[in-house]
Amino acid sequence: MLLVTCPHCGARPEIEFRYGGEAHIARPADPSALDDRQWAEFLYFRSNPKGVYAERWNHAHGCGRWFNALRDTASDAFLATYPAGQQRPDLGGGR
Amino acid sequence: MAEQAARRTPILAPSAARPEAAISIAPMVPAARFALRLPEAAAKAIGSAAGFRLDMAINRSAAARDGRLAARLGPDEWLLHGPETASEAIARDVEAALAGRHFALVDIGHRNVAIAVAGAHARAVINGGCPLDLDDDAFPPGSATRTLLGKAEIVLLRPDEAPVFRIECWRSFAPYVLGLLEEVGREFAGA
Amino acid sequence: MAQPCRLPAGGRIDRAKPLRLRFNGRDIEAYAGDSVAAALLANGVRLVGRSFKYHRPRGILSHGSDEPNALLQVDRGPGRIDPNNRATVVEAADGIAVSSQNHWPSLEHDLGAVNDLLSPVLPAGFYYKTFMWPQSFWQRVYEPKIRAAAGLGVAPHEADADRYVHRHAHCAVLVVGGGPAGLAAALAASDDGARVILADEQPEFGGTLLHDLHATIDGAPAGDWRAQALATLAARANVTLLPRTTAFGYYNHNHIALVERVGDHRARQDDRRPRERLWQVRARQVVLATGAHERPLVFADNDRPGIMLAESVRVFINRYAVAPGRRIVFATSGASAYAAAADAKAAGLDVTLVDIRAEAECGPGPAMLRARGIDVLPAHTIVGSTGRKAVTGLIVAPVDANGIVGPRRTLACDGVGMSGGWTPAVHLFSQSRGKLRYDDAIDAFVPGTPAQAERSAGAARGIYDLAACLADGWAAGGGAARDFAATPSPTGFRPVRALPTDADAKRVKAFVDFQNDVTAKDIALAVREGFESVEHVKRYTTTGMATDQGKTSNMAALGLVAEILDRPVPQVGTTTFRPPYTPVTFGTIVGSARGALFDPIRVAPLHDWAAAHGARFENVGLWRRAWHFPRPGEDMHAAVRRECRAVRESVGIFDASTLGKIEVVGRDAAEFLHRIYINAWLKLEPGRCRYGVMLKEDGFIFDDGVVARMAPDRFHVTTTTGGAARVLAHMEDYLQTEWPDLEVFLTSVSEQWAVIALQGPRARDVLAPLVEGIDLAAASFPHMAVRTGTICGVPTRLFRVSFTGELGYEINVPADYARAVWEALWARGQEFGITPYGTEAMHVLRAERGFIIVGQETDGTVTPDDVGLGGMIARAKADFVGKRSLARPDMLKPDRKQLVGLLADAPDLVLEEGAQIVADPHQPIPMTMLGHVTSSYWSDACGRAIALALVSGGRARMGQTLHVTTPTGFAPARVAAPVFFDPKGERVHG
Ligand SMILES: [Zn+2]
């Protein structure tokens, strides 16, 4: 079971959280301006890397806040967590 | 035709806590409770409302006068607590204190049920279903947080120095929460 | 004679506490402190099981959790039968009955042993090669037969009578293993008050110190050092000592699962005490001091009962005061067996030692033993053993430096202690995703780079000398570097794979993996057939699999593969060790989550009233809802008909409390709902309600419900019962992450408000006398309006809404008042024949009016237009969640499945929900499916059965006859409008 660091509550066990998929995919301001292909990409296409992934977590059984995390999908190491709305942190290393 | 006000039928019968016992698991009497939502910045700016302190750290609680207590469960969320008879006064006072601001005050006095867990083995029993670290260093007096107990969501409070924990859960989960605590506590009962 | 093999003195057993257990129906006397294995050996029992595949007689190989053979069924009474227990870890307790497994009809005469004679046709990969065709035979014939023949024990039939609990814990340092390294680590780690948990799988801490009688530490006997260390740890409030506790899983972020055996060692079960406890520990630092496993030697017939590991012989003698034999031959390739031989001799046994190594390689061991009068044969190999159900001799032969084997001789004996060296127990380290490193000097994989905050210490990382173990443990526990003085431990061995032999290797059974019955020739066969990756060899031969996880066999198998391929061991690699380290009971994993605590059973405020009035309940998610209220003599059908009639003709009362409810508060509350729902909200006036439908972004219906505007900035949203939590989560997600600028707060009030639905033409008559502050007249309180006031003196949010098509109210009151209000309505309604109705009648009533139920008429692929609600969509809205998806070409196809009514030609026929629909029942198979029945009931109001269905292009098929599958064939049914009663919806205005 992962230990997830909520930006508001600190390190908490994974079972308190809900996973929300890839982060930083904003809902288009005007969906009607998108063609079907673009809309499908917004809805369904995700990068799914082996390595560092920016993803959404919700501290559902805690403070209730959504936040973002950088997690290495190969090692499960969390490199950073940060409140929703903030820019993805630059960890350096040119990834 | 106004009838006499209807009586309450709580889902758990309240009982008296016995903190001196090895383990005491006791449903508490009904109380006034409100969910208060207020933007983080506003809480910081005003510090308190109607005697309830609001600017404490997240997952901390603060006692107020007349048996009242505010627990900060998130950046913009507080659980306000008081005696059952104070419900209308609390609502009125908080509404007045926050008038003109963006906030939400919602009565949850019947939504939540509280169970007091006390005694030498209180931590061990709660940790039978709750994954948090309840050591004094990790969960000191004044701690309050939403978390899990088995398959139920709870709010876990330790209001003060006394090693008495208060577990709040939604009404329909209360028999499960009580049942799980009692099942885990059997090992220590009468010990 | 009782306990013929018990030594007259010594051991850690308590001779003042005799006890008695049963083995295969025979009485076995033992002492407190015995393991079942020790008790069996003390009573001269050698044969304890049959092997997995060949049903060969097997005895006890080891003294600990690495035991591959002695798997016993343990019976502690009714509901307390547990198969596959290692005799070496089960503590002897008064009154338990143990029995051997995997034999029929008896252990002594096992017909399955014919497999041993058939072994030429049962090679590695036999299952895969033989049981391939026909495919259907696998499930029906082969697998059950193989399982029956090769089973490990029998699953009990009765419910487990024991209790199990879970415990979460946190610590600064978790030390796994309480031998010298683990004790030193725990002492160092707890010195400054940090929380330390020390767990050991044995009943007593100490590891090797429990049976090493001659060692000294810092000048004192090692036993005294151990006692002092334990006393120190026990006195520290920051230390938790967990004996009988096995760490079996090492998961992410230093999350370790351990099982504590709380009850089994006690003679009498205390009902309050759990049998086992699952610990889930989150540790800042983990120290793995898990020790090492001794390797068997691989030679022909090395599995005869009585042949065991050398160190285990020593443990049985020193710790349990049991002589595993009177004439013991030690066979070794390393130094540690010499200490065992010396201790055996000191216990009065007849001892010989055979060493594969040349005399010059053996160090001081031979001289030490000869001085004690022990015959030592260096430069000898083992080529076989004699005996059948117990070893009677070990066949040895001299072997020279070139591997040339000389003449055989048989050393008569009744016990053998073999040692092929040591393998660090790196299982947990490997589970933690740490990388193993091969250490050539000790011929073993040792922990390399850790993947988590973990340190291995002592024998677990190949450090076998006692003083070095102590220093290593101390350092791993975070102690400042210090030295320990201790008796030097004889270590070092020559790695040997299959021992040199003069026999044809293809014709002998030299076991590598005892539990899985894998021989050296099986491994050779696997390699010959092209399985060069050790992971493939493992799967093909099954070596190192199952409960054993290769504890005794891993290095021998790897070494053999390397030898055959002529590659260095690290190039062959090692397999991944998986949890659990040792088997874990289902009870432990389940914990308290059984019976009433399996899941929360959520009951609404009126549950007890319903139960008292004869309700039958159904599960709706976690909720238990009143389904129907049969009167004496009524079946469900009759009860539901009566309940429906009452609502249509007079008044019914229904507990709708499980509806989800969300209080939406803030200046932008209307705008927020406007974006979430498909319909318009900005102009809804306070005091009015509206039915809303919401989609997910994919355009499919997600939930629905009535929303009331209580004030300009306050809405009372209702959701479906099942959707309550996910709708709130969905709303919060959008609010927090997409529209954080909106001034809106959401609060769940699902359980604050109980909801009593009062439905039927007389609803107002029942309600009116109890309400204050609300004008119930139709003109001032119309359908789809909401009012606040009091009922029975308590506050209410009174909705005038109807899910039945009748005049109706949904009375929201604070939950604890619901019972009193309900009872007042009940009393008031008697003169109108007020009737409680359940969810089934509710379903019928709404279906008669064609109202959908999300999750019944919808399944996550249904749009508003599909169910005839396209007209609700506010076309003027630029955007709402899911709107863009509704414009996808697939969403506009005319052949989409659309909600229609279905009337079977036979009016009495209640079609099956879920039944498929076709146009022509005579078309060739596979048929073209047009859709399925979503709801189907007998309707008293219509005088016939009615059904709702999703049918491809359904609205264009009105009046057509389609064919619906039935259990016996097809039934014709006519497509109709999905409204069967009061088509204009006039009754709600009554
Ligand atoms: Zn949080």
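The values are calculated or read from the model by the stated rules, or taken from the named source; none is laboratory data. All of these numbers come straight from a predicted model, not from anything done at the bench. FYI the Cβ positions are ideal-geometry reconstructions off the backbone, even for glycines, and counts take in every protein chain you see. Ligands, DNA and RNA are excluded from the accessible area calculation, which covers all protein heavy atoms including side chains. Shrake-Rupley method; radii C 1.70, N 1.55, O 1.52, S 1.80 Å.
Among the residues examined, A:Ala54 does not qualify as touching a residue at least 60 places away in the same chain (Cβ under 8 Å), more than 15 Å from the ligand (Cβ to nearest atom) and small (Gly, Ala, Ser).
Report yes if B:Arg53 is under 16 Å from the mean Cα position of the chain (by Cα) and within 16 Å of the ligand (Cβ to nearest atom), otherwise no. Criteria not met by B:Arg53. Looking for whichever is within 14 Å of chain B (Cβ to nearest Cβ) and buried (at least 16 other Cβ atoms within 10 Å of the Cβ) here; the options are A:Ala54, A:Ala84. Which one fits? None of the other options fit; the residue is A:Ala84. Each residue in region A:5-30 was checked for being more than 9 Å from the ligand (Cβ to nearest atom), crowded, with 19+ Cβ neighbours inside 10 Å and at the interface with chain B (Cβ under 9 Å from one of its Cβ atoms), and 1 pass.
Elements of the type strands (runs of 3 or more DSSP E) sitting completely within region C:857-939 and holding at least 3 residues that are open to solvent by 70 Å² or more (accessible area, probe 1.4 Å) and without any contact (Cβ under 8 Å) to a residue 60 or more places away in the chain: there are none.
Only one of the numbered conditions (1) more than 16 Å from the ligand (Cβ to nearest atom); (2) over 16 Å from the mean Cα position of the chain (by Cα); (3) open to solvent by less than 20 Å² (accessible area, probe 1.4 Å); (4) not small (Gly, Ala, Ser) is violated by B:Leu69, and that is (2).
In region C:568-579, of all residues being under 19 Å from the mean Cα position of the chain (by Cα) and open to solvent by 40 Å² or more (accessible area, probe 1.4 Å), the one that is farthest from the other protein chains (Cβ to nearest Cβ) corresponds to C:Arg578. β-branched (Val, Ile, Thr), open to solvent by less than 20 Å² (accessible area, probe 1.4 Å) and part of a loop (DSSP other than H, G, I, E, B): is that true of C:Thr582 in this structure? The answer is yes for C:Thr582.
If only one of B:Gly129, B:Gly74, B:Gly150 is within 11 Å of another protein chain (Cβ to nearest Cβ) and under 15 Å from the mean Cα position of the chain (by Cα), which one is it? Exactly one residue qualifies, and that residue is B:Gly74.
Would you mind stating whether B:Val117 is more than 16 Å from the ligand (Cβ to nearest atom), over 30 Å from C:Ala711 (Cα atoms), modelled with pLDDT of 95 or more and assigned to a strand (DSSP E or B)? Against the criterion (more than 16 Å from the ligand (Cβ to nearest atom), over 30 Å from C:Ala711 (Cα atoms), modelled with pLDDT of 95 or more and assigned to a strand (DSSP E or B)), B:Val117 qualifies.
Yes or no, residue by residue, for (1) farther than 30 Å from C:Arg282 by Cβ; (2) open to solvent by less than 20 Å² (accessible area, probe 1.4 Å); (3) touching a helix residue (DSSP H, G or I) at 6+ places or on another chain (Cβ under 7 Å):
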{"position": "B:Ala89", "(1), (2), (3)": "yes, no, no"}
{"position": "B:Gly100", "(1), (2), (3)": "yes, no, no"}
{"position": "B:Ile108", "(1), (2), (3)": "yes, yes, no"}
{"position": "B:Ala144", "(1), (2), (3)": "no, yes, no"}
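Could you count how many residues in region A:75-95 are assigned to a loop (DSSP other than H, G, I, E, B), within 16 Å of the ligand (Cβ to nearest atom) and more than 21 Å from C:His730 (Cβ to Cβ)? Selection size over region A:75-95: 1. Reported count of residues in region C:252-294, each being over 25 Å from C:Gly79 (Cβ atoms), of a type outside the set (A, V, I, L, M), within 13 Å of another protein chain (Cβ to nearest Cβ) and surrounded by 18 or more Cβ atoms within 10 Å (Cβ to Cβ), is 5. Is there a residue being of a type in the set (Asp, Glu) and either under 30 Å from C:Leu682 (Cβ atoms) or over 42 Å from the mean Cα position of the chain (by Cα) (or both) anywhere in region C:891-900? Within region C:891-900 (the criterion being of a type in the set (Asp, Glu) and either under 30 Å from C:Leu682 (Cβ atoms) or over 42 Å from the mean Cα position of the chain (by Cα) (or both)), the answer is yes, since at least one residue qualifies.
Of all residues in region C:217-249, exactly one satisfies the criterion of being surrounded by fewer than 16 Cβ atoms within 10 Å (Cβ to Cβ), in contact (Cβ under 8 Å) with a residue 24 or more places away in the chain and outside any loop (DSSP other than H, G, I, E, B), namely C:Thr232. For B:Tyr176, the conditions (1) touching a residue at least 40 places away in the same chain (Cβ under 8 Å); (2) open to solvent by less than 40 Å² (accessible area, probe 1.4 Å); (3) not in a strand (DSSP E or B) are fulfilled apart from (1). Assess whether A:Glu41 counts as being more than 7 Å from every other protein chain (Cβ to nearest Cβ), assigned to a strand (DSSP E or B) and either away from the ligand (no atom under 16 Å from the Cβ) or farther than 30 Å from B:Glu168 by Cβ (or both). Judged against the criteria, A:Glu41 is not a match. Criterion first (over 30 Å from C:Val647 (Cα atoms), outside any loop (DSSP other than H, G, I, E, B) and touching a Pro at 6+ places or on another chain (Cβ under 8 Å)) does C:Ala956 satisfy it? Considered against the rule, which asks whether it is over 30 Å from C:Val647 (Cα atoms), outside any loop (DSSP other than H, G, I, E, B) and touching a Pro at 6+ places or on another chain (Cβ under 8 Å), C:Ala956 comes out as yes.
Identification of helices (runs of 4 or more DSSP H) wholly contained in region C:591-710 with 1 or more residues that are aliphatic (A, V, I, L, M) and within 14 Å of another protein chain (Cβ to nearest Cβ) yields C:607-612, C:669-676. Residues considered: C:Thr928, C:Thr934. Of these, the only one that is over 23 Å from C:Ile701 (Cβ atoms), away from chain A (no Cβ under 14 Å) and of a type in the set (Val, Ile, Thr) is C:Thr928. Just need a number here: residues in region C:438-451 that are assigned to a loop (DSSP other than H, G, I, E, B), within 25 Å of C:Val281 (Cβ to Cβ) and in contact with a Phe, Trp or Tyr (Cβ under 8 Å, 6 or more places away or on another chain). Qualifying residue count, region C:438-451: 1. Just one of (1) more than 26 Å from C:Pro814 (Cα to Cα); (2) free of Cβ contacts under 8 Å to residues at least 60 places away in the same chain; (3) charged (D, E, K, R) trips up B:Glu182, so point out which. It is condition (2) that B:Glu182 fails.
Looking at B:Ala43, B:Ala57, just one residue is open to solvent by less than 10 Å² (accessible area, probe 1.4 Å), farther than 21 Å from B:Trp170 by Cβ and not in a strand (DSSP E or B), and that residue is B:Ala43. Filtered by the rule that a residue be away from the ligand (no atom under 16 Å from the Cβ) and either under 13 Å from A:His8 (Cα atoms) or open to solvent by less than 10 Å² (accessible area, probe 1.4 Å) (or both), region A:57-74 gives a lone residue, A:Leu70. For region C:1-82, the strands (runs of 3 or more DSSP E) that sit wholly inside it and include 3 or more residues that are open to solvent by less than 30 Å² (accessible area, probe 1.4 Å), in contact (Cβ under 8 Å) with a residue 12 or more places away in the chain and under 26 Å from C:Val154 (Cα atoms) are C:71-75.
Name the residue, out of C:Asp355, C:Asp400, that is crowded, with 24+ Cβ neighbours inside 10 Å, of a type in the set (Asp, Glu) and either under 21 Å from C:Phe299 (Cα atoms) or under 44 Å from the mean Cα position of the chain (by Cα) (or both). Just a single option satisfies the conditions, and that option is C:Asp355. Taking C:Pro583 as the residue in question, decide whether it is within 28 Å of the chain's Cα centre (by Cα) and facing another protein chain (nearest Cβ under 8 Å). Taking the combined requirement at face value, the residue does not satisfy it.
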